[in-house]
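Worksheet for the structure shown next.
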Amino acid sequence: MIEMRSKRGFSTFFTNVCSVSALAACLFLASSTSGTASEGLEIIKKGVPQRQIVVAADALPQVRFAARELQEHLEKMSGAKLPIVNTPGADFPGSIYVGENDYTKKLGVTTEGLPMEGYKIVADDKNLFLLGRDGTVPPIPRGIKSINDRAKYMKEWQDLTGENWDLPRYVYDPRFYNEELGFSLYDPTGTLYAVYDLLEQLGIRWYLPYYDFGTIIPAKSDILVAQQRTEKPPIFPYRFMRMTFPSADRDGFIWEKRQRIGMSELIWMGHGTSTVTGPAGETNPEYFATVGGKLFNDSLYDRHTGGGFDHGASAKINHLPRLAAPLADAMLRYSTIFFKTYPEMHFYPVAPSDALSSIDDRDAAAGWLREERGPKGRMSDYVWTFINGLGARIGAENPGKIALGLAYTSYRLPPLDIERLNPSVGVIYCQTRLREMLTPEGRAAILEERDEWIKKITSGEFYIWEYNLSQLGAGLSRDGQLRGMPIFASKILQEDIKSLQGKAKGEFVECPTDGKNRIMNPGLNHLPFYLQARLYWEPDLDLKKFMDEYCTSFYGPAAAEMAEFWKFAEEVWMRPESRQITRSGGFLRPADIDRFFEILNRAKQKAGDSDYGKRIDLIIAECGPLKEIFPRLTRKGPDFKVPRTKDAPTVDGDLSKPLWTDGAGKSTEPVYRLVEYKTGEKAETDTTVQFRWADDDSGLYVAISALEPEMAQLNPQVDASRRDSISIYDNDFVEVFLETEDRSTFRFVVNANGGIFDECTDTRVTPTGRAWNADWKVAVKRESDRWDVEIFIPRESLDGATVPSNENPWGINICRSRFLSGKAQNTSLAATGGRFFQTDKFGSIIIGEK
């Protein structure tokens, strides 16, 4: 679908638009334009074509498409259809040349000096030239048209390499190719950008995809183009916003290209060790880490959040690599074959697999696990020493090629042991600006980390992997807590993109898609996406003028109300409180939801049933789930009765004492059992829980007994002397989640050695995150067939929590992750149907009478 705005009543509309200072020159736009309106080049006069469109017969598909886009939009503006020809004729005083060809070269206009995806607009007194650097990226593997064909190509690759290696997939994803248009998001499209730039100069705006009311097209019987020599290289050569899949979404793809999203070169980003380890779990055990004296199996590892990873692989396949010589040698061989097979490629990913959570016992003993650097740096030197050494070897064997590493999770901080990275090593820094830059302190920390990386990089290859809206946690997914939330952070966005200018070559952005792999919630997301794409080409954009133009042209009589709506959305999102919403906490309040709809309803009243009103209707519909947020906060999990106790026992892990048993040694009721965390069915391995509440209201006692038929093999890596180590999640552990009336959420983790980890996700608690430490008591006692945990959590450690009552009970979940028996087993007290951390699925503790 080609979107357009109805021409009916457009004369009044266009007068109103052009009265805004931001649009005073909407027909003659471009900072590099010379000449006056009277000197403009006539394209259409009184509805009659004055120029022909010339495109080479052998032009690339995206260039031919550019000519059609120009023709169709000019016709929608004026009613006049310019002919598209391959050879300029004598029927017109001049031509519009789309794409570089023999005629443009004879006339002295070429793409010489332009980088890939750069473009030129040249308008003299006779001709208009719209041309840019274009290209075609061949598929990898050659000929692939569907991800369903990967099994076939996997066999061909393994026959070629003679190794049990994974296919170089996710380099070229065929879902980003549109067969009807004949090109992909990977293909450079400079000429197409030149056409779009010109059409924007003429006042066209593609604000919203999919709907016929989404585009602003001014109606004019006379169309002039200002004389100019405009030249625009991309400030960021790599601008990959993964917001849709073009193979199934032609309209979304075209909208994305109209925002000038693309890339100058196909870059293989990702977790590179899996290229070698993926299918090789059984045949090459030397590639994998030994943890606790055995090969670490991470194939079905759901991590501490539950459901975080589900590779769908055989339980025999290991995913925790050992970053040592055998793996490096294999990856070097892989990279050499890859570059030889696909010589157009310049990058090979060498970062560890996404499952990397700890390191080999031998490497830990050698001191590579550096907990003192915190959760973002504990593995930095271990990982980056491997990446840097492997990168040097790849560069020596494949001159000019780059090994790409990720600054990610526990190795996001720059390594201390490496002063300068090898010239064959590039860095992709992983961040979530809309979450991590909400405070000045958070922004300063990100900038400092990135600057430290840039000091170490000698190749100049620095990129950002940005987790946009979809990666802010389960709360922002299609089924998450914050569905319908208008998220707008224009100042953060501009400040960060400006700070990257001249430092980063671009970004890979993970954006949300809907269930049909199309742009998710276009009514709410079109403006953030539109602005982000615009900033890649114009980082110094005047935000006020931008918003004035957008609100005036897109919402007409409701411009003031919609400006208020987006301003309020930004104010709400920028609050420093937690994104996790509770009945009394988090950044969003019930009054905010009322105000959102009050503003939108006022705007709708002014806009009526016009195109302006339809745009507002779409936003109102997509905001609908906001009304369900607070009603959904009523917990759906079961109630757990908690008897009071006047005793103040020593916490020693002995669950046979009178606090927990009767005189005959039997556990006293109530006794609760963990269930399979997704389905609620009976757990394969039994885990029981008991509660007691101190009669003086000082806190909660918890007893957990985890049956374990393989106690001899249970050897957790983290012991009781190491607090808050992420390695606690590498082996069997139990977690206690608590949500008080005012705060969400406190997490207490214990493993079978008595190692502990605690954190608070509520940003109102200071310090927050993993820096928060409770004064809790815990003891673990190992028996021949089980390991028992006894815990006391003082109420005063929970940031002033009130005593739970029947009206306001605390939320709770207790979860166990077990990794023996060759697979992960995740169980919980309250089944969540997904991740452990879902507060609306928590149970509630009901305290007994005194």
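The values are calculated or read from the model by the stated rules, or taken from the named source; none is laboratory data. In this text, all values refer to a predicted model and were calculated from it rather than measured experimentally. Heads up, the Cβs are rebuilt from the backbone with ideal geometry, glycines too, and the neighbour counts pull from every protein chain shown. Keep in mind that these areas ignore ligands, DNA and RNA; they rest on the heavy atoms of the full protein, side chains included. Shrake-Rupley method; radii C 1.70, N 1.55, O 1.52, S 1.80 Å.
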Taking the Cβ of residue 409 as the center, what net charge do the other residues with Cβ under 10 Å away carry, scoring Lys and Arg +1 and Asp and Glu -1?
+2
Accessible area (Å², 1.4 Å probe, nearest 10) - residue 254
0
Taking H placed 1.01 Å from N in the peptide plane, check which residues at least 5 places from residue 118 or on another chain put their amide H under 5 Å from its amide H.
133
Quick tally, 1.4 Å probe accessible area for 745, 766, 679, 688, sorted with the most first, runs 766, 679, 688, 745
Place a +1 charge on the Cβ of each Lys and Arg in the stretch 613-769 and a -1 charge on the Cβ of each Asp and Glu, then give the dipole magnitude about the Cα centre in debye, rounded to the nearest 20.
620
Mean separation of Cα contacts under 8 Å (at least 6 apart) over the residue count of the stretch 782-832, i.e. the relative contact order in percent, is 20
At 1.4 Å probe size, put 617, 91 in order of accessible surface, largest to smallest.
91, 617
Restricting to DSSP loop positions (anything but H, G, I, E, B) with no more than 15 other Cβ atoms inside 10 Å of their own Cβ, which trypsin sites (Lys or Arg not before Pro) remain in the stretch 383-420?
420
Cα-Cα over 26 Å: which of 145/503; 544/614; 376/505; 636/666?
145/503; 636/666
Mind grabbing the accessible area of residue 192 for me, 1.4 Å probe, Å², rounded to tens?
0
Just how far, in whole angstrom, is the stretch 112-162 from the stretch 567-620 if you go by their alpha carbon centroids?
41
If each of residue 124 and residue 807 carries a label point 7 Å out from its Cα toward its Cβ, how far apart are those two points in nm?
8.4
Per residue, the convex hull enclosing the Cα atoms of the chain spans a volume in Å³ of 157
Solvent-accessible area of residue 250 with every protein chain in place, 1.4 Å probe, in Å² to the nearest 10
60
Local electrostatic count at residue 669 - Lys and Arg +1, Asp and Glu -1, tallied over other residues with Cβ under 13 Å:
+3
Here the stretch 668-674 yields Karplus 3J(HN,Hα) values (6.51, -1.76, 1.60; θ = phi - 60°; whole Hz; Gly and Pro given as x) of 7, 6, x, 10, 10, 10, 6
Measuring from centroid to centroid over Cα atoms, what is the spacing of the stretch 220-281 and the stretch 316-381 in Å?
29
Can you tell me the order of 97-105, 644-652 when each peptide is scored by its average per-residue count of other Cβ atoms within 10 angstrom, highest first?
97-105, 644-652
From DSSP H assignment alone, runs of 4+ in the chain each adding -39500 (n - 2.57), the sum over residues rounded to the nearest 500 puts [θ] at 222 nm at -8000 deg cm²/dmol
In the stretch 369-493 the accessible area split gives carbon plus sulfur, as whole percent at 1.4 Å, a share of 52
Working from Cα positions, state the angle (0 to 90°, nearest 10) between the long axis of helix 150-161 and the longest principal axis of the chain.
90
Charge sum, other residues only, whose C-beta stays under 12 Å from residue 458's C-beta, Lys/Arg counted +1 and Asp/Glu -1:
+1
Over the stretch 557-677, with every protein chain in place, what whole percent of the accessible area is carbon and sulfur at 1.4 Å, could you tell me?
53
Could you work out the relative contact order of the stretch 121-175, using alpha carbon pairs under 8 angstrom and six or more residues apart, expressed as a whole percent?
33
How big is the charge dipole of the stretch 701-785 about its Cα centre, in debye rounded to the nearest 20, if each Lys and Arg gets +1 on its Cβ and each Asp and Glu gets -1 on its Cβ?
300
Leaving out ligands and nucleic acids, and using a 1.4 Å probe, what accessible area per residue does the chain come to in Å²?
38
Run the accessible area of the stretch 109-176 with a 1.4 Å probe and give the carbon-and-sulfur part as a rounded percent.
48
